[in-house]
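These notes concern the structure reproduced below.
The values are calculated or read from the model by the stated rules, or taken from the named source; none is laboratory data. The structure displayed is predicted, hence computed values, not measured ones. All Cβ positions, even for glycine, are placed from backbone atoms using ideal geometry, and neighbour counts span all protein chains on display. We work out accessible area using only protein heavy atoms, side chains counted, and drop any ligands, DNA or RNA first. Shrake-Rupley method; radii C 1.70, N 1.55, O 1.52, S 1.80 Å.
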Amino acid sequence: MMPLFGKKDDQLFELLNESARVVVRGGDILRNVVNDYVDLDIKMARLTAMEHEGDRIIQDLVRRLNTSFILPFDREDAFQLAQELSTTLDYITGIIDRMILYKAGQPDERIKNMVDVLYESLLLQEKAFKQLKRVEQNKKSILNCCEEIFRLEKEQDLLYRNGVAYLFEKHEHDPIAIIKWREVYEHIETAQDHVQDVAELISNICVKYS
């Protein structure tokens, strides 16, 4: 069975997989922050270094895409996958950055639940990428991963709405606290949206190339 990118472009899959792994590692740090709210500057430095690593991988991937000539998979789809992975990591960094910058305080259970949903989605995203090289053989499993990501996005949307409503109830007389935490909620929700965008791209690839 021919690999999706053709035999000369196997490294493209390795770069996509590596990028997805870096995003999961970013999710690991985020989970650690919200569950163990100490040493934030150290954790942020680790995440920033990881973001630079992710940028390097994306740059390598883009160079490969610009020079490869065997691409039975639309070049635009590949570029979009790379961009969405990079943007997701940017938003994960932004979540922690805002908690530190705004001195928002200890995350509550609502934030922790949202981060758990996001992290589960990141693991599913990584699993889908690992199987993409042999899309015909792994189509069912890949689509199952994507469907679960779509389900989790709906769950995240509900957590976001309920969380924002709770903010206004809890901090009715403290608009600054509402602004601080609402930005954190919005960054988690937006990161989740980008994971869903990846799942939609992968689903389309499965339909077009299997």
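Below are the figures for this structure:
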item: Probe 1.4 Å, protein heavy atoms only - accessible area per residue of region 12-136 in square angstrom; result: 44
item: Using a Förster distance of 25 Å, the FRET efficiency for residue 137-residue 56 (Cβ separation, nearest 0.05); result: 0.25
item: Solvent-accessible area, 1.4 Å probe, carbon plus sulfur percent, for the chain; result: 49
item: Entries of 103/180; 127/154; 154/180; 139/208 with Cα pairs more than 18 Å apart; result: 127/154; 154/180
item: Two-decimal Rg to Rh for region 102-210 - Kirkwood Rh, Cα set; result: 1.12
item: Length-normalised contact order for the chain - Cα pairs under 8 Å, 6+ apart - percent; result: 30
item: Cut-off 14 Å between beta-carbons: net charge of the residues surrounding residue 159, Lys and Arg +1, Asp and Glu -1; result: -4
item: Expected 222 nm ellipticity per residue - DSSP helices of 4 or more, -39500 (n - 2.57), all of the chain, to 500; result: -30000 deg cm²/dmol
item: Dimensionless Rg ratio for region 50-134, taking C-alpha atoms and the 2.2 N^0.38 Å reference; result: 1.37
item: Potential lengthening between residue 24 and residue 101 on full extension [0.36 nm per residue; Cα-Cα distance subtracted]; result: 25.4 nm
item: Most mobile listed residue (16, 85, 65) in the chain, GNM with C-alpha springs under 10 Å; result: 65
item: Solvent exposure, largest accessible area first (probe 1.4 Å, DNA, RNA and ligands not counted), of 86, 121; result: 86, 121
item: Hydrodynamic radius of the chain per Kirkwood, over alpha carbon pairs, in Å; result: 17.8
